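Asker: Just dropping this structure here.
The values are calculated or read from the model by the stated rules, or taken from the named source; none is laboratory data. None of these values were measured; they are calculated from a predicted model. Methodologically, a virtual Cβ is constructed for each residue, glycine included, from the backbone with ideal geometry; neighbour enumeration extends over all protein chains shown. What goes into the accessible areas is simple: the full protein's heavy atoms, side chains included, and nothing from ligands, DNA or RNA. Shrake-Rupley method; radii C 1.70, N 1.55, O 1.52, S 1.80 Å.
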There are 4 protein chains.
Amino acid sequence: MKVLRTEKRIWWGDLDPLGIVFYPRYYEWMDAHSHLFFHELGLPLGDLLRRRGIIFGLVETSCRYLAPGHYLDRVRLETTLTQLRSKTLVLHHRMVRIPEEVTLVEGNEHRICLKVRDDASLQAVEIPGDLHRILSDAAV
Amino acid sequence: MKVLRTEKRIWWGDLDPLGIVFYPRYYEWMDAHSHLFFHELGLPLGDLLRRRGIIFGLVETSCRYLAPGHYLDRVRLETTLTQLRSKTLVLHHRMVRIPEEVTLVEGNEHRICLKVRDDASLQAVEIPGDLHRILSDAAV
Amino acid sequence: MKVLRTEKRIWWGDLDPLGIVFYPRYYEWMDAHSHLFFHELGLPLGDLLRRRGIIFGLVETSCRYLAPGHYLDRVRLETTLTQLRSKTLVLHHRMVRIPEEVTLVEGNEHRICLKVRDDASLQAVEIPGDLHRILSDAAV
Amino acid sequence: MKVLRTEKRIWWGDLDPLGIVFYPRYYEWMDAHSHLFFHELGLPLGDLLRRRGIIFGLVETSCRYLAPGHYLDRVRLETTLTQLRSKTLVLHHRMVRIPEEVTLVEGNEHRICLKVRDDASLQAVEIPGDLHRILSDAAV
């Protein structure tokens, strides 16, 4: 099981005119963390596309907002792989204000394994065995 | 019933290194459209905060990705108010590639009426009657 | 001579907590317009890289801020090619609030023609003749 | 003299379709660092506006690009106050890839002290004495 943890600070440009975090920023951080999660498993998504024509494309994303983030808050991002099926997986993300350990946001990314065909169209396929084994070891 | 429709084009900076739309951009467009929806009802969210201490804060957001967006695609954004309760509402957003009428993304924002108290904390409250009437007329 | 003109509106997410445009947004719009300028000349920058290993890389960018942009302002973006040398060029961008014709921002992008070598390093080269002719016709 | 230094990593969403940093991101980081610089001097810009009606508005910004940033590069941001006059100041920013100490980008923000008048218009004014003293101590 792998838990990816990094820390960041909320910056001025992350805020909207009401002085609270502009919520698409949370998705930027989730997306960045998903890429880093795959990277740290030895499966960088850019390489998977170039070498094997495989993308873990998005099916659905969502976030719940539990407490507001403020300027200069320190935030720990935590990512785990909470579901792994033959073609799909779910990455779960938490953003926690530290040191108080207050959860600001929880989100999920549902991704599906897609093969890029010669005509550039995308086809849902089973996650190749070697990747599935690595992901299975990393799953919660 | 109100349907807000605007059009935009997918620009270079909306793409990620895989050449597809960086998905937090879709949430940026949804958020912008929500603000515009309230604005066009005569309820600009910045004014509601300043004059009445009221925010329609986010409870949850989500998107489903149905077809990929590409560079220079023309996209119609459509927003409707699909649910209105005493304290909460749901804005539904669609992004459609035109002129082919292919839905790229569908998303929802669940928002709750919050009162900013003197100590800056937030309390869920019923949507004030005058606002509720305007929203009720706008709902699907 | 080519003048690229498009229009956009200032949206909620373009504002910072002071209620004025978060200035990196102006650079996003400039960058988007540069790509569109090349695209409309039949020289899409992504294709130039893939087919010929050529990038018009950035040397320097700058903006002067003449008047503040506000929420829902309508803005016309205007881009021209104001300098063309053997290896370099300058794209000039103006953002004008309409219909008042008030210039909000003027900016420049200095770009240089770079060849991607086999080891992925970049080398400044003369702009190839066929591209230089097209750009020369487009220049102010 | 104050030198503000923080570190960050280049993330997936910071890249454009060519796989290099989307340059408006550098300005986002510069802007964030300017706010943090003022904050650490005890002069948070949001407070200056609310309490004293003063903004350090932008006159001009610029960046020179010396070396490309890549995915997952570690970057040190460094900010100094390189010029202080009666009404204006210049913040200088460097972004350095570490541990190699390769400068990726150097940039400047020229800011001017503005008073918000009752009609919401802005007037250039001398930097108030108490602020000027703090800034003078912080300058290079």
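Asker: What's the minimum Cβ distance from chain A to the axis relating it to C, in whole Å, and which residue gives it?
Answerer: Axis relating chain A to chain C; nearest Cβ residue and distance: A:PRO17, 3.
Asker: Can you give me the Rg/Rh ratio for chain C, using Cα atoms for both radii and the Kirkwood formula for Rh?
Answerer: Taking Rg over the Kirkwood Rh, I get 1.02.
Asker: Estimate the FRET efficiency between C:THR82 and A:VAL116 by the formula 1/(1 + (r/R0)^6), using the beta-carbon distance for r and 41 Å for R0, to the nearest 0.05.
Answerer: 0.55
Asker: Under the rule of -39500 (n - 2.57) per DSSP H run of 4 or more residues, summed and divided by the residues of the protein assembly as shown, what mean residue ellipticity at 222 nm is obtained, to the nearest 500 deg cm²/dmol? Don't skip to the answer; put the middle values down first.
Answerer: Working: 12 runs with 140 residues, N = 560.
It lands at -7500 deg cm²/dmol.
Asker: Compactness ratio of the range C:57-140: Cα Rg over 2.2 N^0.38 Å, N = residue count?
Answerer: Output field value: 1.37.
Asker: What's the FRET efficiency of B:HIS70 with B:THR6 using the Cβ-Cβ distance as r and R₀ = 25 Å, to the nearest 0.05?
Answerer: On the way: r = 19 Å, r/R0 = 0.78.
Result of the calculation: an efficiency of 0.80.
Asker: Give the nm distances, rounded to one decimal, from A:LEU122 to the matching residue in every other copy, measuring between label points 7 Å along Cα toward the beta carbon; shortest first.
Answerer: Those separations, rounded to one decimal, come out as 2.9, 3.1, 4.1 nm.
Asker: Between the alpha-carbon centers of the range A:31-73 and the range B:33-69, tell me the distance in whole angstrom.
Answerer: 26 Å
Asker: Take B:THR82, A:THR79 and sort them by solvent-accessible surface of the protein heavy atoms, 1.4 Å probe, largest at the top. Display every interim value, and only then the final one.
Answerer: On the way: B:THR82 70, A:THR79 0 Å².
These residues rank, largest area first, as B:THR82, A:THR79.
Asker: How big is the protein assembly as shown on each of its three principal axes, counting only the C-alpha atoms and giving the largest first in Å?
Answerer: Computed over the protein assembly as shown, the largest-to-smallest principal extents equal 67, 65, 47 Å.
Asker: Quick one: order C:ARG76, A:ARG74 from most to least accessible surface, probe 1.4 Å.
Answerer: Final ranking, largest accessible area leading: A:ARG74, C:ARG76.
Asker: Between the label point of D:ARG133 and that of the same position in each other copy, find the distances and list them shortest first in nm, with every label point placed 7 Å from Cα along the Cα-to-C-beta direction.
Answerer: For D:ARG133, the other copies' label points sit at 5.7, 6.9, 7.1 nm, shortest first.
Asker: Turning to a different aspect of this structure: At a probe radius of 1.4 Å, what is the per-residue accessible area of D:ASP137, in Å² to the nearest 10?
Answerer: 110 Å²
Asker: List the distances, in nm and shortest first, from the label point of C:GLN83 to the matching label points in every other copy, placing each point 7 Å from Cα along the Cα-to-Cβ direction.
Answerer: Nearest first, the other copies' label points are 1.8, 5.6, 5.7 nm away.
Asker: Report the calculated FRET efficiency for B:ILE134 and D:GLU60 (r = Cβ-Cβ distance, R0 = 45 Å), to the nearest 0.05.
Answerer: Working from the Cβ atoms, E equals 0.55.
Asker: Just check the range C:1-69 against the gyration tensor rule for me: Cα atoms, a ≥ b ≥ c as the square roots of the eigenvalues, rounded for a/c under 1.5, and otherwise prolate or oblate depending on whether a/b exceeds b/c.
Answerer: It is prolate, given that a/c is not under 1.5 and a/b is the larger ratio.
Asker: Set the bar at 25 Å for Cα to Cα. Now go through A:LYS115/C:LYS115; B:LYS8/D:LYS8; B:LYS2/B:LYS87; B:LYS8/C:LYS2; C:LYS2/C:LYS87 and name every pair that lies beyond it. Before the final figure, lay out each step's value.
Answerer: On the way: A:LYS115/C:LYS115 31 Å; B:LYS8/D:LYS8 33 Å; B:LYS2/B:LYS87 20 Å; B:LYS8/C:LYS2 23 Å; C:LYS2/C:LYS87 20 Å.
In this structure, A:LYS115/C:LYS115; B:LYS8/D:LYS8 exceed 25 Å between Cα atoms.
Asker: Taking the Cα centre of the range D:1-116 as the origin and placing charges on Cβ (Lys, Arg +1; Asp, Glu -1), which of D:LEU43, D:VAL96, D:ASN108 is farthest toward the positive end of the dipole?
Answerer: The listed residue farthest towards the positive side: D:LEU43.
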